[in-house]
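**Q** Before anything else, here's the structure in question.
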Amino acid sequence: MELRDVILQKSYELFYKKGFHDSGVELLAKQAGTTKRTLYAHFGNKEGLIEEALRYRHQMFMIQLKADFDDFEIEQVADVATCYLNFLKNWTLSEDFYGCMFINACAEYSDKQSSPHLIAKQHKTEVRQWLLDKFEQVSAENAKQKSDTLFVFGEGIIVAAQTGQESLELNAEFFRAY
């Protein structure tokens with residue numbers, strides 16, 4: 001693995017566990033086994049590293065989401081909901097779940113024009129579009145409304161798990177009648 005990738009991977013892990021503001025450049029460099037100077041040479045500054053870590057997380061999230069859907073036979077509306085809810089449930093119950101990095105970014109960078117906030121918005125927009133595409137593939141009536149409802153439901157699941165409410169019992173049957 002190239003040094004830039006090592007710095008990105010280790011920084012991503014630290015940002016995810018400790019947050020962006022609590023992860024200083026010295027600690028980030030130390031975690032990657034390099035120097036601040038080398039970190040700056042690859043990413044320009046901490047903000048550049050944060051942006052790349054968020055993009056990296058987006059890519060990982062979408063790859064996993066697509067892989068989970070590829071393993072599930074999607075034939076009707078409820079299948080889309082079931083698969084998405086199972087994906088979220090498995091992620092939020094995983095040992096390395098520290099919340100949603102994008103929700104965390106928005107909390108730490110409340111300025112809606114800040115780069116982390118804009119990258120988070122782009123990620124969430126792409127997830128919404130992806131869900132809409134899945135509903136359209138099964139010819140769902142009111143596909144946009146269904147995808148938006150499932151998206152918001154999913155965001156609630158993420159926040160619930162992040163706040164210690166992972167024991168929720170969820171049922172995608174709601175989407176059958178919907």
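**Q** Which whole-number percentage describes the relative contact order of region 88-178, with Cα contacts under 8 Å and a sequence gap of 6 or more? Could the numbers behind the result be given before it?
**A** Working: 58 pairs, mean separation 29.5, N = 91.
About 32 percent, as a whole number.
**Q** Here's another thing I want to ask about it. Using the per-residue mean of other Cβ atoms lying within 10 Å as a proxy for protection, in what order, highest first, do the peptides 105-115, 44-54 fall?
**A** Details: 105-115: 14.7, 44-54: 18.9.
Going by the mean number of other Cβ atoms within 10 Å, highest first, we get 44-54, 105-115.
**Q** Nearest 10 degrees is fine. How inclined is helix 77-92 to the longest principal axis of the chain, computing both from alpha carbons?
**A** 30
**Q** What angle do you read, to the nearest 10 degrees and between 0 and 90, between the alpha-carbon axis of helix 143-162 and the longest principal axis of the chain?
**A** Orientation of helix 143-162: about 50 degrees from the principal axis.
**Q** Order these by the 10 Å Cβ neighbour count, fewest first: ASP70, ASP79.
**A** On the way: ASP70 9, ASP79 18.
Ordered from fewest to most neighbouring Cβ atoms within 10 Å, ASP70, ASP79 come out as ASP70, ASP79.
**Q** Still on this model: Can you tell me the 0 to 90 degree angle between the C-alpha axis of helix 3-18 and the longest principal axis of the chain, rounded to 10?
**A** 70
**Q** So if the hydrodynamic radius of region 90-177 is defined as the Kirkwood radius over C-alpha pairs, what does Stokes-Einstein give as its diffusion coefficient at 25 °C and 0.890 mPa s, in µm² per second?
**A** On the way: Rh = 14.4 Å.
D, rounded to a whole number, is 170 µm²/s.
**Q** Please tell me which of these pairs span more than 19 angstrom C-alpha to C-alpha: LYS17/LYS46; LYS10/LYS30; LYS89/LYS112; LYS18/LYS89; LYS18/LYS46? If you can, show how the numbers build up before the last one.
**A** Values: LYS17/LYS46 16 Å; LYS10/LYS30 9 Å; LYS89/LYS112 29 Å; LYS18/LYS89 22 Å; LYS18/LYS46 15 Å.
Too far apart for the 19 Å limit: LYS89/LYS112; LYS18/LYS89.
**Q** Right, here's the next one. Normalised by the number of residues in region 3-177, what is the relative contact order in percent for Cα pairs under 8 Å and 6+ residues apart? Please list the in-between numbers first.
**A** Working: 154 pairs, mean separation 40.5, N = 175.
That works out to 23 percent.
**Q** Also, I was wondering about something else. Along each principal axis of its Cα atoms, how long is the chain end to end? Whole angstroms, biggest number first, please.
**A** Principal extents (largest minus smallest coordinate, Cα): 57, 33, 30 Å.
**Q** Can you tell me how region 17-86 classifies by the Cα gyration tensor, rounded, prolate or oblate, using a/c under 1.5 as the rounded cut?
**A** On the way: a/c = 3.96, a/b = 3.33, b/c = 1.19.
In terms of gyration-tensor shape, prolate.
**Q** When ranked by the protection proxy of mean other Cβ atoms within 10 Å per residue, highest first, what sequence do the peptides 82-88, 15-21, 136-142 form? The partial results should precede the final answer.
**A** Working: 82-88: 19.7, 15-21: 17.1, 136-142: 13.0.
So the peptides 82-88, 15-21, 136-142, ranked by packing, come out 82-88, 15-21, 136-142.
Coordinate-derived values only; no laboratory data. All figures in this text were calculated on a predicted structure; none of them were measured in a lab. As a convention, Cβ positions derive from the backbone with ideal geometry for all residues, glycine included, and neighbour counts pool all protein chains shown.
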